[in-house]
């Protein structure tokens with residue numbers, strides 16, 4: 001398995017030259033159409049191939065306008081990751097009321113979290 005870790009692909013500067021050339025072509029397309037881009041799914045039509053980089057493809061095809069709205073989908077993920085990583089964002093566990101109905105076994109159980117132990121994970 002270790003002998004075929006690259007899946008038959010070459011690992012060298014020459015092997016990545018076509019990829020960086022496509023990134024450059026995508027940025028060049030963004031320079032030609034900066035506001036609204038070249039159009040959705042047009043990078044492959046204009047250049048002949050598509051860059052395997054979501055940011056470059058989005059910027060080239062949708063311009064800065066589309067890139068702005070596309071990046072808004074990433075912000076909640078970054079915000080949530082920062083909140084989880086922050087030791088001050090931790091709170092004590094709140095016990096949920098236990099329902100005495102026949103479906104009580106479905107109710108999630110809660111465990112008390114030790115804020116100091118979780119804060120030590122940051123170190």
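General remarks:
- Scan of segment 16-27 for residues that are loosely packed, with under 12 Cβ neighbours inside 10 Å and either closer than 15 Å to residue 44 by Cβ or touching a residue at least 60 places away in the same chain (Cβ under 8 Å) (or both), ordered by number: 18
- Just so you know, in segment 39-56 the residues that are part of a helix (DSSP H, G or I) and in contact with a helix residue (DSSP H, G or I) (Cβ under 7 Å, 6 or more places away or on another chain) include one that is nearest to residue 16 (Cα to Cα), and it is 56.
- Where residue 76 falls short, out of the listed (1) modelled with pLDDT of 85 or more; (2) under 19 Å from residue 22 (Cβ atoms): (2)
- Selection status of residue 51, surrounded by 17 or more Cβ atoms within 10 Å (Cβ to Cβ), over 30 Å from residue 115 (Cβ atoms) and at pLDDT below 90: yes
- Among the numbered conditions (1) in a helix (DSSP H, G or I); (2) surrounded by 10 or more Cβ atoms within 10 Å (Cβ to Cβ), the only one that residue 36 does not meet is (1).
Here is a yes/no grid of residues against (1) in a loop (DSSP other than H, G, I, E, B); (2) at pLDDT 70 or above; (3) at negative phi; (4) not assigned by TED's automatic domain parsing to the domain that holds residue 26:
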position	(1), (2), (3), (4)
58	no, yes, yes, no
62	no, yes, yes, no
66	no, yes, yes, no
69	no, yes, yes, no
81	no, yes, yes, yes
97	yes, no, yes, yes
113	yes, no, yes, yes
116	no, yes, yes, yes
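The values are calculated or read from the model by the stated rules, or taken from the named source; none is laboratory data. This structure is a prediction, so every number in the text was calculated from the model and none was measured. All Cβ positions, glycine included, derive from the backbone under ideal geometry; neighbour counts span all protein chains shown.
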